[in-house]
Structure formats: structure tokens, C-alpha cells
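Here it is, the structure, as C-alpha cells.
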Amino acid sequence: MAVQRVWEGEKPSAVIASYGLSRQIIYKWLRDAKGKGRGLRALRSRKGTGRPRTLTSKQEQQLFRWINGKDPRQYGFDFGLWTRLVVRKLIADKFGAKLGVTAVGKLLAKLGLTPQKPLKRAYERDPAAIEAWKHDTYPGIAKRAKKRGAEIYFWDESGFRADAVQGQTWGVKGITPVVAVPGQRQSVSAASAINARGGFWFATYKGGMSAELFIGMLEALMHRRKKPLFLVLDSLPAHKAKIVQEYVASTDGKLELHFLPGYAPELNPDELVWNHMKRTGPARSQLAHGQSLHDRIDAELLQIQQNRALVRSFFRTESVTYISD
């Protein structure tokens, strides 16, 4: 339109000013439109071709399958996490294509892959044992418990520190934020047992778990208990000590211990108690001057004990849906 107006007699400077554009651009347009057989057709917009794609659609989908849920070490790399450099090398090795690091990042985003903090799983995990626990072992325990009128509880321990900081906060890029924590180091350990109906038992203690301490807690847990108790727990050495076995035998079948598969903490709903504590407890609200961590942990565990709906909610997490009440 601007070129047409100039051809019809208006001044270029006045025309381009009316569009709010730079003076130089009108003269470029006039040059482009000048010449036999060109005219206004030379100014028509054309779809840019852009750079041709380096990988075909089929290759991109193949790359997605190689990365999604896989470990780089499966392809000969010595690093267990996918980075843009590792993906770049994989593309070069498999397809003979050379992409820049930025282009690799854009390609991964296009494929719906984003950088994430991975969950950790121990090498020693036995997937077959985990599946057997879910589909055979635990259903058998639940069936026996129902037949005997026994209650099933899940047991676990954890530790807390007053100077531990969980989570993240915002700050200026390149400058790590500082969070004030108590200078006096305080630590406390806790054990708890929960069941799917919302039952919750807990105890706090100093230091690590020993067989003698564990027996004392079992005695407290069994005190005045009328129904048999099936306790599901991990294979901590203190849990399997000979003196513990002797104590269990002394209950004449009123107490049974059943051990989870190794390296599979996600099977234990009691783990979610500690996750909840560390998301909402001392790490989120620092201790006041002179306040006792032991008292704080006791108070927060008591709050959980009084909230049966919260305890039941731990059993609705996907990893423990194999448990039926």
C-alpha cells in the first residue's frame, strides 16, 4: 500500500510516517518493486522454508523410545542421567546427524521430554520379589489376618534434625539464599506403626534402633492388645535379631512379623508419614530459640495420631494400593 501511494504522487517520507515505520524501509520497498516484470508482486510475503529438519519423524519417535524410561548406560555411556550432550552423542552415533546442544534441547521439548529430578532405586531391588509381595505374599497375609481376626500394621523409623532444610526458596540467580537454622544441633529418632483404618502408634527416642529398644517398643505396642497383630516392616538387622525372634515366639502367635522385600520402601505406607512430617513440620517452620526438637516431633506425631482421616489417606497413594483393608 505504501509503494502504491508513492507511485500515485505522495512523498515517501510522509507515506512511511503515516504507518509509523522507519524511513529507510520505504526506499528498500521502492527498489524491490522497481524493474520490468516485478512491480508489487516483488513485495508479496512468502512462506519461509526454514532449515530442513535434521531427523525424520520416524527417527524422532525412535529417539523418544530410546530415552523414555531408559538409562544412558544401556547404550554404552558411562553416565546414568540423560543430558543434552549425551542425547547429542546418541543422535550422532545412531543417525549420523550433528545437532547443536540448543537444537537438542528444542527437540527434546518437542518430544514432550523435560529435565526432571529422578526417583532413586537401589541396584539390589528384586522386581520379581516386589511383584510377588503385591500379588501373592501380602494377599496371603491379609487372608490369614482376616481368618484370625488380626490387625495389620505397617512399621517404620525415621530421624529428624533441627538444622535440616527441606524444599526450595526463591533468590537472585547466582546468589544462594541463606536460611537461618538453630546453631545448637538437635536430633531425634521416631518409630511409628499405622493401619488402613487410621490406627496410629508412635514413639520417639535418641540414637539408632537396637534389638533391645525394638523389643521394648513391641512390648508397648502389644500392651493391653486383645487382637493378634501382624506387623509389616523392613529387614533392619535390629528387627531380625535372635532376641527379637525369641520375644515374638513368647507371644504364642499373638504377634507376627512380616518382612517387606528389600530396597522397596515405596511398598510401606508408613514411609508417607515421614514424607508428610518433613514437608510440613520442622523443616518448614524452624524451631524457636530454646525450643526442643524432641517436644516438637512428639507434638506433631500426636496431631497425626488424632487425625485418622489423614492416616487413612496414606493408604490411597498409588504405590500402596495393593493393600486392602
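The values are calculated or read from the model by the stated rules, or taken from the named source; none is laboratory data. All figures in this text were calculated on a predicted structure; none of them were measured in a lab. Ligands, DNA and RNA are excluded from the accessible area calculation, which covers all protein heavy atoms including side chains. Shrake-Rupley method; radii C 1.70, N 1.55, O 1.52, S 1.80 Å.
For 219, 256, 271, 8, give the ranking by accessible area with the largest first, probe 1.4 Å.
So, going from the largest accessible area down, we get 8, 219, 271, 256.
Most fluctuating residue of 174, 96, 159 in a GNM of the chain with Cα springs under 10 Å: which is it?
So, out of 174, 96, 159, the one fluctuating most is 174.
While we're looking at this one, here's another question. If the elastic network links every pair of Cα atoms under 10 Å, which of 224, 197, 44 fluctuates the most in the Gaussian network model of the chain?
44
Shifting gears a bit: Once amide H atoms are placed 1.01 Å from N in the peptide plane, what residues at a sequence separation of 5 or more from residue 111, or on another chain, have their amide H within under 5 Å of its amide H?
none
A follow-up question, please. Can you tell me the relative contact order of the chain? Whole percent, Cα pairs under 8 Å, sequence separation 6 or more. Spell out each step's value before the answer.
Values: 340 pairs, mean separation 51.6, N = 325.
Result for the chain is 16 percent.
Let me ask you something else. HN-Hα J couplings of the range 308-323 from phi, Karplus 6.51/-1.76/1.60, θ = phi - 60°, integer Hz, Gly and Pro as x?
Values per residue, Gly and Pro as x: 5, 5, 5, 4, 4, 5, 5, 7, 9, 5, 3, 5, 10, 5, 5, 7 Hz.
Nearest 5 percent is fine: what portion of the DSSP beta bridges confined to the chain is antiparallel?
The answer is about 60 percent antiparallel.
Using a 1.4 angstrom probe on the protein heavy atoms only, could you order 131, 212, 266, 60 from most to least accessible area?
Solvent-accessible surface, decreasing: 212, 131, 266, 60.
Given a 1.4 Å probe and the protein chains all in place, what does the accessible area of residue 57 round to, in Å² to the nearest 10?
70 Å²
Put 136, 78 in order of accessible area, largest first, 1.4 Å probe: what do you get? Spell out each step's value before the answer.
Working: 136 105, 78 150 Å².
Result of the area sort, largest leading: 78, 136.
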